[in-house]
Amino acid sequence: MSRDRVINEAEICNKAEAFEAYDDIPKNPHLGDTIGDVINRRYGRRDVLRGALAVSATTALFGATALTSAQQAQAATGSFAFSEIEGGIDQTHHVAEGYDADILLRWGEPIFAEAPDFDPMNQTAEAQLQQFGYNNDYVGFVPLNEAGDRGVLCVNHEYTNEEVMFPGLGRHDKVPFASTTRELAEIEMAAHGGSVVEIAKGSDGKWALVKDSAFNRRISPLNTQMTFSGPAAGHDRLKTSTDPAGLSVIGTINNCAGGITPWGTYLMAEENFHGYFWTDKLDAEGDPILDEQTQAASMKRYGVPGGWYAWGKHHERFNIDKEPNETNRFGWVVEVDPMDPNSTPVKHTALGRFRHEGAESIVNGDGRVVVYSGDDARFDYLYRFVSSGRISGDKAADMQLLSEGELSVARFNDDSTLDWLPLVFGQGPLTPENGFDSQADVVIDARLAADALGATPMDRPEDVQPAGDKVYVMLTNNSKRKPGDEDAANPRPENLFGHIIELTVPDGDHDTSTARWEILVKCGDPSVSEVGAQWGPATSEHGWFASPDNCAIDADGRLWVSTDQGRGWARTGKADGLYGVETDGELRGSSKLFFRVPVGAELCGPYFTPDQETLFLAVQHPATDGTRDFPGFERASTFEDPATRWPDFQDGVPPRPSVMVVTKQGGGKIAV
Ligand code: FEO
Ligand code: CA
């Protein structure tokens, strides 16, 4: 669908909604099963639709404990010791009783000693480059001392919401074309990327920014030089007029989630990079004309050019008519050494090019490093990278580990097993006859390679978190499921609310070609049997959730999940939030609500300090998503008239995406 039609038909009001609506990139036509197809075939579509799975099927899926009654489940003691908050939505955040949730860093906050104060009416790119960026998403923490009361916080800034950032832009009719001037475009660019900042705990137990720390750094698509490693580095398809060697690139964009590596570096995943590329060649319907593009098939599969930002009008490298290869230089995982503010970040092409949601890693028993990553688009795939080398404890050597290894993609089988299919040039269909001339082609066109291998199209893989012999896969939703997946008894497509899959790797080995899989949570309101109840033990009144997105494992091995429903919150009546999700015992699959965000926001992070006494949360895009559905507001937010002015609540100060820090009153481990 063209960007113009997306905007008009979907009545999109902001970037978040635009990214969602544009998510129907043409995909591999043959396509294997969706995960829903597999589930339906395994358990019988009719049984699912009746809302009464056969006992044998339920037991097979969840084990006998799934048959525990709701009453028993409620009476049982879960592993999360906190009193659940109420679901709902209003203009501010809420945290469980007995906890403090404080603002640590706001968009525009100066992060250098000499940085100018935030002045939203007179913002400049130069000022923004010295201030905390917009739309904080991933948060990671690297301790700087044994006590753990000093550390470096690594934060991604995923994208910008111009309508509430800049005065006078009004409603979405100027989005995605808000970058109408070079000045505005460069402020947007400066607000993207990442921040690395030192924080320290004061004698009052509160964390605060260390503004004059030598660690502090802004990373942006405007001026941060990066290099490439791996099989595509130096390849012709990475060469541009400003980089004839194909070895260096300026910046990173749409950094969603990420990870902290076992050797203490910061991984930034590049997600919806397609949205930043521009063309002047549009047909009558507003669709890009790619006839003259030699890489048109690849561009189509990746949704390039998305045209959500008009940076290409002011910076030729974002215009595919001028620099078609620039698109191949985004969609990677970037590694940053947060201990060296002068270090050059590296884009690791061995991990493949797609819409990386995140990049969480684990050290395998044999010392190899394994990185899991979802490609967040409807019907796209789950990937795994295994390093060739083994971790050594020498940081400089370990920082080479992501440069060489094997990328593979998941095929979910009907019998609860999963196969990892290697994306290796020359193997199977990944040959010149099918358009792959080298391993560089395989990683640049990882989606096309995965199509050829018959990977399983998933319901939008978001965060993927390994922990011990488990891997938790957040599948947020998929509103484009084929009509056969819907039914009158279940008028909502079953994938509107997403689900969570748990993989178990054999003998704790993350480097084998197989794993077992099981659904941990089928999300949605459990009182609607087709949606929720039959998929797991009944959960509490406010504990169920929709659209799992980011997740974390705390020091006690417990799973925490944050949500991003987009406009879907109007369906659930609940703002996005953070849920503790049981993975073991009688309550396996049930959850409790710990924190919720203000209207229009989604919740990212989450990240626990190693002592589990501090939880970092990222409240992203307050006041933007679905505010037309907000009771008493019923319109799209603008700079002048936002649905909330969280967190400052001062006239004239726009809503500000912020990182929060949650601690227990009086100290101690969270939820223990
Ligand atoms: Fe940036 Fe898939 O969330
Ligand atoms: Ca996300």
A 1.4 Å probe over the protein heavy atoms gives the range 345-454 a carbon and sulfur accessible-area percentage of 50 percent
Counting only protein heavy atoms and leaving out ligands, DNA and RNA, the solvent-accessible surface of V334 at a 1.4 Å probe, in Å² to the nearest 10, equals 0 Å²
For G307, which sequence-distant residues (separation of 5 or more, or a different chain) have an amide H within less than 5 Å of its own amide H, given hydrogens modelled in the peptide plane? Y276, F277
Size of electric dipole in the range 247-313: Cβ of Lys, Arg +1 and of Asp, Glu -1, about Cα centre, debye, nearest 20: 240 debye
Please list, or write none, the aspartates and glutamates whose alpha carbon is within less than 16 Å of the alpha carbon of K281, excluding same-chain residues fewer than 8 places away. D4, D291, E292, E316, D321, E323
Loop-only GluC sites (Glu not before Pro) in the range 242-307, please: DSSP not H, G, I, E or B, and at most 14 other Cβ atoms within 10 Å. E285, E292
Which pairs break 28 Å Cα to Cα here: K206/K592; K313/K347; K574/K664; K239/K300; K347/K482; K480/K522? K347/K482
Given labels modelled 7 Å from the Cα in the Cβ direction, how far is it in nm from R516 to E86? 4.3 nm
Assuming R0 = 60 Å, what is the FRET efficiency of D321 and D651, from their Cβ-Cβ distance, to the nearest 0.05? 0.85
For the range 579-631 the GluC sites (Glu not before Pro) that pass both the DSSP coil test and the at-most-15 other-Cβ-within-10 Å test are none
Taking Lys and Arg as +1 and Asp and Glu as -1, residues besides N364 with C-beta under 12 Å from its C-beta add up to -2
Out of the chymotrypsin sites (Phe, Trp or Tyr not before Pro) in the range 604-666, which ones are loop residues according to DSSP with at most 10 other C-beta atoms within 10 Å? none
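The values are calculated or read from the model by the stated rules, or taken from the named source; none is laboratory data. It should be emphasised that the depicted structure is a prediction, and the values quoted were computed from it without experimental measurement. All Cβ positions, even for glycine, are placed from backbone atoms using ideal geometry, and neighbour counts span all protein chains on display. All accessible areas refer to the heavy atoms of the entire protein, side chains included, with ligands and DNA or RNA removed. Shrake-Rupley method; radii C 1.70, N 1.55, O 1.52, S 1.80 Å.
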